[in-house]
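A.B. asks: Sharing a structure below in structure tokens format, with a few things to ask.
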Amino acid sequence: MGRIPFLTPVVVPKIPPFPEPHVKWMFEAVEAWDQSCPADVGIVGVPFDRGVVIPRVGARLGPKSVRETLYNSTTYSYELDVDVSSLKVVDCGDVDVDIMNYGETHRRVEQVLKQILGSCMIPLIIGGDHSLTYPCVKALHRSEGENAKIGVIDFDAHLDCRVDWKECHGLWVREIQEMEGNPVEGRNIAQIGIRGFGYSTFYRDYVKKMGMRVFTAREVKDRGVHAVIEDSVKVATDGTDMVYISVDIDVLDQAFAPGTGVPSPGGLDSWELLSSIFY
């Protein structure tokens with residue numbers, strides 16, 4: 001494989017937060033990707049928030065902030081009894097975004113991810129605003145073939161299926177259902193954590209028409225997160241070839257994520273979200 005256009009390497013820090021000879025730090029386990037070596041997981045940053053319509057930007061800083069936290073962690077979790085150093089994890093770098101051009105950035109994201117997926121690794125994509133999910137799903141479809149069927153599990157406070165909107169973070173769920181070849185069907189989309197007063201009966205009817213399964217934040221609280229996750233997995237895997245998992249940080253209650261673009265009360269707590277991801 002030649003060099004991937006629009007992919008900029010990042011420097012993985014090599015300084016431990018404190019001296020400890022009996023642990024392995026994440027920065028020791030993660031290598032900068034040379035675009036040739038095989039790997040299990042590839043970290044990809046997309047520092048872009050042009051799709052945010054509410055004047056509260058900052059999602060573009062996500063890749064940098066998440067990496068800083070990640071690399072100050074160790075590879076072992078006592079709670080889960082899991083050591084991720086058994087996996088080959090690489091940092092692929094950041095997509096070279098055009099901060100003033102929404103469409104061009106989406107094109108670059110799709111192009112970069114298609115080539116990374118061609119290396120047979122699972123991409124861990126750090127945004128960035130939620131509009132970026134659309135080119136990511138497009139890349140997954142292109143890499144797997146025109147007949148591939150994709151299920152989606154989306155952790156989110158919002159339906160993100162706006163109609164008559166353009167170039168924003170609130171319409172990607174509709175966009176992926178309108179892709180050529182119909183790789184994503186509404187019946188294979190599970191949304192977890194929807195809440196608040198942000199939509200209308202028009203969008204309720206759209207969700208029902210498309211056959212999407214929505215698990216509200218209230219349902220998560222009433223039934224328990226594990227029961228909801230079990231049902232979501234069934235929805236996303238019913239007749240599909242693969243599953244794309246998306247996390248919008250606003251799925252969390254504003255007490256846990258006050259810096260998100262659209263904070264609101266009544267959301268999931270951090271344990272519920274982490275437990276879902278670890279499921």
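A.B. asks: Of all residues in region 83-116, count the ones that are in a loop (DSSP other than H, G, I, E, B) and either touching a Pro at 6+ places or on another chain (Cβ under 9 Å) or not assigned by TED's automatic domain parsing to the domain that holds P38 (or both).
C.D. replies: Of the residues in that region, 4 qualify.
A.B. asks: For region 268-279, what are the residues that are under 20 Å from V152 (Cα atoms) and assigned to a loop (DSSP other than H, G, I, E, B)?
C.D. replies: Y279
A.B. asks: Take the residues in region 7-22 that are surrounded by 13 or more Cβ atoms within 10 Å (Cβ to Cβ) and of a type in the set (A, V, I, L, M, F, W, C); name whichever of them is farthest from V66 (Cα to Cα).
C.D. replies: Only one residue fits best here, namely L7.
A.B. asks: If you don't mind, another one. Looking only at region 164-176, which residues are surrounded by fewer than 21 Cβ atoms within 10 Å (Cβ to Cβ) and more than 14 Å from Y102 (Cα to Cα)?
C.D. replies: D164, R174, E175 - these are the residues of region 164-176 that are surrounded by fewer than 21 Cβ atoms within 10 Å (Cβ to Cβ) and more than 14 Å from Y102 (Cα to Cα).
A.B. asks: Which of the residues belonging to region 231-258 are over 25 Å from P135 (Cα atoms) and free of Cβ contacts under 8 Å to residues at least 40 places away in the same chain?
C.D. replies: Passing the criteria: D253, Q254, A255, F256, A257, P258.
A.B. asks: What are the residues in region 238-261 that are in contact with a helix residue (DSSP H, G or I) (Cβ under 8 Å, 6 or more places away or on another chain), in a loop (DSSP other than H, G, I, E, B) and of a type in the set (G, A, S), if any?
C.D. replies: Within region 238-261, G239, A257, G261 meet the criteria.
A.B. asks: Oh, and also: Given the residues D238, D253, which is the only one that is within 20 Å of the chain's Cα centre (by Cα) and either at pLDDT 95 or above or assigned by TED's automatic domain parsing to the domain that holds S270 (or both)?
C.D. replies: Details: D238 fails: within 20 Å of the chain's Cα centre (by Cα).
Just one listed residue meets the conditions, D253.
A.B. asks: Still on this structure, please answer the following. Working carefully through the options G62, G45, G51, find the one that is assigned to a helix (DSSP H, G or I) and either within 16 Å of I125 (Cα to Cα) or modelled with pLDDT under 90 (or both). Outline the logic, then answer.
C.D. replies: Working: G45 fails: assigned to a helix (DSSP H, G or I); G51 fails: assigned to a helix (DSSP H, G or I).
Answer to the selection: G62.
A.B. asks: Continuing with this model, one more query. Which ones in region 107-124 are within 27 Å of I54 (Cα to Cα) and surrounded by fewer than 23 Cβ atoms within 10 Å (Cβ to Cβ)?
C.D. replies: Matches in region 107-124: R107, R108, E110, L124.
The values are calculated or read from the model by the stated rules, or taken from the named source; none is laboratory data. As the structure is a prediction and not an experimental result, all values here were calculated from the model. When we count neighbours, we look across all protein chains shown, and the Cβ atoms used for this are built from the backbone with ideal geometry, even at glycine.
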